[in-house]
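A.B. asks: I am attaching a structure below and will ask some questions about it afterwards.
The values are calculated or read from the model by the stated rules, or taken from the named source; none is laboratory data. Just so we're clear, the structure is a prediction, and the values are computed from it rather than from any experiment. No Cβ is skipped: glycine too gets one built from the backbone with ideal geometry, and neighbour counts run over all protein chains shown. For the accessible areas, the whole protein counts, side chains as well, though only heavy atoms, and no ligand, DNA or RNA atoms are used. Shrake-Rupley method; radii C 1.70, N 1.55, O 1.52, S 1.80 Å.
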Amino acid sequence: MAAAISEAWIRKGGIVYGAVFMRPFDFQHIRCTTKEELVRLRGSKYVQSSIAGIYKQIEADLKNGLEILFIGTSCQIATIRNRFKEYDSWLYTVDVICHGTPKVETLKASIPKSVLQMDYDNVEFRENCDYKIAFKKAGETIWSSPLTHNLYMKGFFKALFNRECCYKCMFAKPERISDMTLGDFWGLDMARVNTTMDKGISLVLVNSNKGRKLLEMVKDDIEMIARPLEEAIVGNAPLRHPMPRTWRYHIYKKLYPKVGFRLAAIAAMPDIILKNLFK
Ligand SMILES: Cc1cc2nc3c(=O)[nH]c(=O)nc-3n(C[C@H](O)[C@H](O)[C@H](O)COP(=O)(O)OP(=O)(O)OC[C@H]3O[C@@H](n4cnc5c(N)ncnc54)[C@H](O)[C@@H]3O)c2cc1C
């Protein structure tokens, strides 16, 4: 869905800002003006993306009367909207539902040193509904670790090592700060929808007139079914509240400085790891 909207936006002469992987090992928002540049935006990066480097570019674009589409987490959108209040009519925002973003250092600590030294140009986290960490070179996978084996991905889904502010996230509620919200439609009642698709169905919340315009732009490129808002809210915890600090979080936090990522993550998720071993 993010790709469809971004491509339509570029076709009509707009600028897109979104998150990409950057060598040597970082995740940042960048400015895109062509369809080719948008390819790097594709796919969720399950880690914090820095927006510090793009303020000047956004300001210049807005001053030049260019329309901007910013895709990021709600907290990033709050920052951008607050900073560029006077240009609100030119600034369109799409947030991805977010249950927390770990620091890049946590992700890095979870990757074997030998892998970090490889010659890669991209790091990916999912292919449709297949979650993993994959290091890529020219589109080819050179190292990959599936969710069943990967402690970072398991810990990410259990909100084990989010940034502290994420546990108090003020944007984790049904009222959204963006023009449009994108997520995975976890709560979708498949028995009640008439579609040939059975997985990888996006959730789209239209939050403003600008959001409606974004949906209008892509309506012929997508299969769209209207569903009750409640269905989305019930199925997706970050639409109701921030992820809580569980016993897993406390164990990980206490142990990490003493024993490092791997042992701290194992101690925080012994039941999940055993379950996967038996599977
Ligand atoms: C940290 C994180 C946690 C998430 N948690 C949930 C969840 O609990 N429930 C749920 O339904 N969905 C969650 N999502 C959203 C989900 O993974 C998809 O991104 C969303 O469904 C949109 O899918 P898509 O295929 O349209 O776009 P995708 O191809 O997945 O996303 C591309 C767009 O997302 C933006 N993006 C990707 N990673 C980041 C990042 N780290 N920071 C800021 N912007 C980013 C890029 O700018 C790009 O434009 C999460 C996403 C992230 C990044």
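A.B. asks: Tally up the carbon and sulfur contribution to the accessible surface of the chain as a whole percent, 1.4 Å probe, everything protein left in place.
C.D. replies: 54 percent
A.B. asks: While we're on this one: Quick one: if you stick a label point 7 Å off each Cα along the C-beta vector at VAL234 and ARG42, how many nm between them?
C.D. replies: Result for the modelled spin labels: 3.4 nm.
A.B. asks: What distance in nm lies between label points placed 7 Å from Cα along the C-beta direction at ASP271 and ASN128?
C.D. replies: Simple spin-label model gives 3.2 nm for this pair.
A.B. asks: Of VAL259, VAL96, VAL47, which is the most mobile in a GNM of the chain whose springs link Cα atoms less than 10 angstrom apart?
C.D. replies: VAL259
A.B. asks: Pulled fully out, how much extra length does the chain show between LYS279 and LYS199, if you take 0.36 nm times their separation in residues and subtract their Cα-Cα distance?
C.D. replies: Roughly 26.6 nm would be gained on extension.
A.B. asks: At 0.36 nm per residue, and after removing the present C-alpha to C-alpha distance, how many nm does the segment from ARG192 to THR141 gain when stretched out fully?
C.D. replies: Gain in length upon complete extension: 14.6 nm.
A.B. asks: Subtract the Cα-Cα distance of LEU116 and LYS12 from 0.36 nm times their separation in residues, and report this length gain in nm to one decimal.
C.D. replies: Answer, rounded to one decimal: 33.5 nm.
A.B. asks: Lysine pairs in the range 62-168 with Cα distance under 23 Å, only those 8 or more apart or on different chains: how many are there?
C.D. replies: For the range 62-168, the number of qualifying lysine pairs is 21.
A.B. asks: For the chain, what proportion of DSSP beta bridges, expressed in % and rounded to the nearest 5, is antiparallel?
C.D. replies: Here the share of antiparallel DSSP bridges comes out near 65 percent.
A.B. asks: If I take every Cα pair under 8 Å that is 6 or more residues apart in the range 12-159, average their sequence separation and divide by the length, what percent do I get for the relative contact order?
C.D. replies: 20 percent
A.B. asks: So what's the net charge close to ILE51: Lys and Arg +1, Asp and Glu -1, counting the other residues with Cβ under 15 Å from its Cβ? Don't jump to the answer; show the numbers that get you there.
C.D. replies: On the way: positive: ARG31, LYS45, LYS56, ARG81, ARG83, LYS103, ARG163; negative: ASP26, GLU59, ASP61, ASP95.
Combined, the nearby Lys, Arg, Asp and Glu give +3.
A.B. asks: Can you give me the relative contact order of the chain as a percent, contacts being Cα pairs under 8 Å and 6 or more apart?
C.D. replies: 17 percent.
A.B. asks: Select from PRO24, PRO242, PRO112 the residue whose mean-square fluctuation is largest in a Gaussian network model of the chain (Cα-Cα springs shorter than 10 Å).
C.D. replies: PRO112
A.B. asks: Decide, for the range 1-83, between rounded, prolate and oblate: order the square roots of the alpha carbon gyration tensor eigenvalues as a ≥ b ≥ c, take rounded if a/c falls under 1.5, and otherwise choose prolate if a/b is larger than b/c, else oblate. Mind dumping the intermediate values first?
C.D. replies: Numbers: a/c = 1.57, a/b = 1.12, b/c = 1.41.
It is oblate, given that a/c is not under 1.5 and a/b is not larger than b/c.
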